[in-house]
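Everything below concerns the one structure shown next.
Every number here is computed from the coordinates shown, using simple stated rules; none is lab data. Just so it is clear, the structure is predicted and the values come from calculations on it, not from any experiment. Counting neighbours? That spans all protein chains shown, and the Cβs are built from the backbone with ideal geometry, glycine included.
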Amino acid sequence: MAAGWLWRRLCQGSAFPVSYASRIMQKQYFLPSSNLMGARLAGSHGDTQESKTNPLVSLSDEPETLYKRLSILVKGHDKAVLDSYEYFAVLAAKELGISVEKVDKPPKTIERFTLLKSVHIYKKHRVQYEMRTHYMCLELKYLTSSTAAVYLEYVQRNLPEGVAMEVKKTKIEKIPEHIQKPVWDTLPQVEETEVKS
Amino acid sequence: MAAAARALRVLPRALRVPSATRQLHSSPVCLKARAARVRAGRGDKAVTYEQAHAPHHIGHRKGWLSLHTGNLCGEAGAAQRAIEDAFLRRFLAGTFPGLLADELVLKRRGNLLVVCALLGRALPPHKLYFLLGYAETLLGNFYKCPVRLELQTVPARVPYKYL
């Protein structure tokens, strides 16, 4: 119940209307969904596997970039806000089928400075101010670029005020052609000659 | 001496050599031990929850009145946000004179600036709507970003304590 209320409140907190910008999607092959909920879908529909032509989505033939890891670091002053945002982000990832590698909570950093309390003298009496920054690191693994784009857009549109996010993506690339085989296999055979002293 | 002074005065301003002077610039004193604290009095002053708690209670018993990322570790723009906040509070205190029941809450989500204000019920609704549109348009044009003003009226200020 609390989760549902929290989800609705976070959704209502988004600043932007829910109209989607056109997104260039890579060609995706729709697998038959086996866990269809509700009997109303069975039979009465047309072909569920046929991709519906959405005017806002355009397909392209480029191969998708694959991400091994998507690391999202969220910073804020209020720990309670970060905790609720962590719940929301993990729930969103689970709903989209993204595997969460780990949820890390690095220790907070405190930036303190000490000032003189009085205008003129009284060196022994000071006043201290501090600013605390709490962190939460969410690591997702094995994403495609379009999944990452969709997830990041959703999660960033619902970022609470006073919270900053840093995203790091780790790409998977093919080993380049010239180093796929070891060098000593490609060198021409050198005949061994005896060195006569 | 007097002749020299008279001679200097006759010269045009551009040709006058600046004489050596010293100036002292003083800014108002920042009374750190008395900031945002309501001092105990006779017991007749009604004080809201926000006013009753001192700044060292922020994060423990109080929330933040202005939410932005400027003060986070590794983020910039704190001074700019502080200036904007100061202007916004004065502007809205002047737009709704005597109507604000509590401090404004300023929230920044991306480009959008949301101002949440609690007002008393002294003005009729059509006047409040006019002031809402006026404030939003003017602030939007001034800060070049979308500004949304969220108003809520309360019957009276809620006193937490009497100091």
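Overview of results
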{"read-out": "Neighbour-count order for A:Thr186, A:Thr133, fewest beta carbons within 10 angstrom listed first", "value": "A:Thr186, A:Thr133"}
{"read-out": "Hull volume in cubic angstrom per residue (convex hull over the Cα atoms of segment B:47-119)", "value": "103"}
{"read-out": "Per-residue Cβ neighbour rank within 10 angstrom, fewest leading, B:Leu100, B:Leu119", "value": "B:Leu100, B:Leu119"}
{"read-out": "Under-18-angstrom lysine pairs by C-alpha in chain B, whenever the two are 8 or more apart or on separate chains", "value": "4"}
{"read-out": "Nearest-ten-degree value, helix B:125-143 long axis tilted from longest Cα axis of chain B", "value": "40"}
{"read-out": "Label point distance in nm, B:Leu112-A:Lys123, each placed 7 Å from Cα along Cα→Cβ", "value": "5.3"}
{"read-out": "Proportion of all alpha-carbon pairs of chain B beyond 27 Å (%)", "value": "47"}
{"read-out": "Calculated FRET efficiency for the pair B:Thr21/A:Lys79, C-beta based, R₀ 56 Å, to 0.05", "value": "0.55"}
{"read-out": "Dmax and Rg, reported as Rg then Dmax, of segment A:66-172 (C-alpha, Å)", "value": "18.9, 63"}
{"read-out": "A:Ile98, B:Ile58, A:Ile175, A:Ile110 arranged by Cβ crowding within 10 Å, fewest neighbours leading", "value": "A:Ile175, A:Ile110, B:Ile58, A:Ile98"}
{"read-out": "Linear extension gain, B:Lys144 paired with B:Ala40, 0.36 nm per residue minus alpha-carbon span", "value": "33.2 nm"}
{"read-out": "Per-pair calculated FRET efficiency, R0 = 51 Å: A:Asp61 and A:Arg112 via Cβ, rounded to 0.05", "value": "0.40"}
